[in-house]
Amino acid sequence: MILITGGAGFIGSNFVLDWLSENDEPIINLDLLTYAGNLQSLATLDNNDQHTFIKGDIGDRELITSLLNEHKPRAVINFAAESHVDRSIHGPEDFILTNVNGTFNLIDEVKRYWKDLPEDKKQAFRFLHVSTDEVYGSLEKTDPAFSETTAYAPNSPYSASKAASDHLVRAYHHTYGLPTLTTNCSNNYGPQQFPEKLIPLVLLNALAGKDLPIYGDGQNIRDWLYVGDHCSAIRAVLEKGRVGEVYNIGGNSEKTNLDVVHTICSILDERRPADKPYAELITYVTDRLGHDRRYAIDANKIETEIGWTPTESFETGIKKTVDWYLSNSDWTDNVTSGAYKSWINKNY
Ligand code: NAD
Ligand code: TYD
């Protein structure tokens, strides 16, 4: 079986659902259920014995050790993190606690477990660390895209904390020989993303007739990847990646924020026409502090070594995403109303 962390979050929950729809290898899912974790995203697995959910912290060494010893996973995939740049600007401490200290505690316990495995299991074991392209810093419009050898230059407390965790993973491979894999992915979008990130925030604000806040001039560029494609890339790297290596994952879909928001507005104009075009809700607001201008991924390595390419274009992925939010208003109502949080507090 495999152990994953952060599997109640946006990407982790998509990964669990994809994994169990494609094969029957069980998953142990460890997640602290912070504001960003949502078990409702996994509700279809309620009676599925292949999925075991454990509420807990990646920094809890005792818990990690007992899970490893009890379940003896062949791989650990670390999705758990504080993940929102704006939150990291207003309150960086949680980012250091989870992304840096938490990852350290987790990988250190994984190393102990791995060291004592029988030789064949030791060889086959993998620790896959899920990271971000934001560790490479910011590009100008004509700069070449980030490759695996681009120097780290993180600019936000979020990206600095992810960079620190990437370095720890690298060091655990180099120093102790732990069979690690690291993936650095571009911006994801798709079902079950918490509505603090640009795409779901704009979608839900538009449906509620609220302003669509564009930071600065709206010309910042991100390379957007549909979450299902990120999940297939992680599965491919887990299976075929060379130990100790880093793989960049991207969607070949560079868009300005303004383009993204206009695309969402025109899809909504078709699907849910209102009395005026949704784009009239666009409002320019004060820029984010230290706002990175452009991210772009050179995904040549994962394509040539592993044979992975994305299947969705931005145009197909964004339509699927809008449709998911339109037909899952229960999910969004619960997340936005706090009803979900009070249920968690009562039940866990
Ligand atoms: P998310 O914020 O939606 O989910 C994070 C999950 O981690 C939540 O379920 C939360 O409860 C859990 N968590 C937080 N702290 C924890 C702790 N101490 N112990 C256990 N669980 C904890 O994030 P996401 O967007 O799904 O991102 C997942 C991973 O992918 C992160 O490592 C992030 O850095 C990386 N990533 C995200 C993107 C993106 O666009 N969202 C892009 C590239 C990489
Ligand atoms: P976000 O989804 O927070 O991802 P990241 O900061 O990790 O790239 O933001 C994507 C882009 O959208 C980023 O350039 C900031 C911008 N943005 C807005 O213009 N308005 C918003 O309300 C949000 C949340 C983001």
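In the set (1) buried (at least 16 other Cβ atoms within 10 Å of the Cβ); (2) away from ligand 1 (no atom under 16 Å from the Cβ), ASN257 fails one condition alone, (2). Pairs are defined by a Cβ separation below 9 Å, a sequence spacing of at least 6 or placement on different chains, a first member in the range 228-248 that is among the acidic types (Asp, Glu), and a second member that is at pLDDT below 95; the pairs so defined are ASP229/GLY251.
What's the total number of residues in the range 304-315 that are more than 15 Å from ligand 1 (Cβ to nearest atom) and under 20 Å from the mean Cα position of the chain (by Cα)? Can you show your working first?
Start the filter on the range 304-315 by keeping residues that are more than 15 Å from ligand 1 (Cβ to nearest atom), which leaves 304-309, 311, 313, 315.
Okay, now just the ones that are also under 20 Å from the mean Cα position of the chain (by Cα), so 308-309, 311, 313.
Residues meeting the conditions: 4.
If you scan the range 115-134, which residues turn out to be over 27 Å from the mean Cα position of the chain (by Cα) and either assigned to a loop (DSSP other than H, G, I, E, B) or crowded, with 20+ Cβ neighbours inside 10 Å (or both)? Reasoning before the result, please.
The initial filter retains those residues of the range 115-134 that are over 27 Å from the mean Cα position of the chain (by Cα), namely 115-123.
Selection gives ASP116, LEU117, PRO118.
Tell me yes or no: at least one residue of the range 135-155 is closer than 21 Å to ARG242 by Cβ, out of contact with any helix residue (DSSP H, G or I) (no Cβ under 6 Å at 6 or more places or on another chain), surrounded by 22 or more Cβ atoms within 10 Å (Cβ to Cβ) and not hydroxyl-bearing (Ser, Thr, Tyr). No. Counting only residues that are within 23 Å of THR183 (Cβ to Cβ), of a type in the set (A, V, I, L, M, F, W, C) and not in a helix (DSSP H, G or I), the range 289-338 holds 4 of them.
Does the range 20-29 contain at least one residue that is among the acidic types (Asp, Glu) and within 16 Å of ligand 1 (Cβ to nearest atom)? Outline the logic, then answer.
The initial filter retains those residues of the range 20-29 that are among the acidic types (Asp, Glu), namely 22, 24-25.
Filter once more, keeping what is within 16 Å of ligand 1 (Cβ to nearest atom): none.
No - not one qualifying residue is present in the range 20-29.
Close Cβ contacts (under 6 Å, 6 or more residues apart or on different chains) running from residues in the range 107-129 that are closer than 13 Å to GLY177 by Cβ to residues that are among the β-branched types (Val, Ile, Thr) comprise VAL110/VAL76; PHE127/VAL76; PHE127/VAL110; PHE127/THR180.
Need at least 1 residues that are under 15 Å from the mean Cα position of the chain (by Cα) per element, so show me which helices (runs of 4 or more DSSP H) inside the range 1-102 make the cut, counting only ones lying wholly within it. So that I can check it myself, show each step before the final result.
Values: elements: 10-22, 61-71, 85-90.
Answer list for the range 1-102: 10-22, 85-90.
Of all residue pairs spaced 6 or more apart or on separate chains, those with beta-carbon atoms under 6 Å, a first member in the range 138-165 that is part of a helix (DSSP H, G or I) and a second member that is of a type in the set (Gly, Ala, Ser) are PRO157/SER88; TYR158/SER88; LYS162/SER131. How about the range 179-211: which of its residues are surrounded by 22 or more Cβ atoms within 10 Å (Cβ to Cβ), more than 19 Å from ILE11 (Cα to Cα) and not β-branched (Val, Ile, Thr)? The answer is ALA206, and nothing else. Residues of the range 260-306 that are of a type in the set (Asp, Glu), surrounded by 15 or more Cβ atoms within 10 Å (Cβ to Cβ) and under 16 Å from ILE221 (Cα atoms): ASP292, ASP298.
With respect to ASP275, determine if the residue is farther than 30 Å from ILE234 by Cα, out of contact with any helix residue (DSSP H, G or I) (no Cβ under 7 Å at 6 or more places or on another chain), within 16 Å of ligand 2 (Cβ to nearest atom) and not hydroxyl-bearing (Ser, Thr, Tyr). Outline the logic, then answer.
On the way: farther than 30 Å from ILE234 by Cα: yes; out of contact with any helix residue (DSSP H, G or I) (no Cβ under 7 Å at 6 or more places or on another chain): yes; within 16 Å of ligand 2 (Cβ to nearest atom): no; not hydroxyl-bearing (Ser, Thr, Tyr): yes.
When the stated conditions are applied, ASP275 does not pass them.
The values are calculated or read from the model by the stated rules, or taken from the named source; none is laboratory data. As the structure is a prediction and not an experimental result, all values here were calculated from the model. Cβ atoms come from the backbone with ideal geometry, glycine included; neighbour counts cover every protein chain shown.
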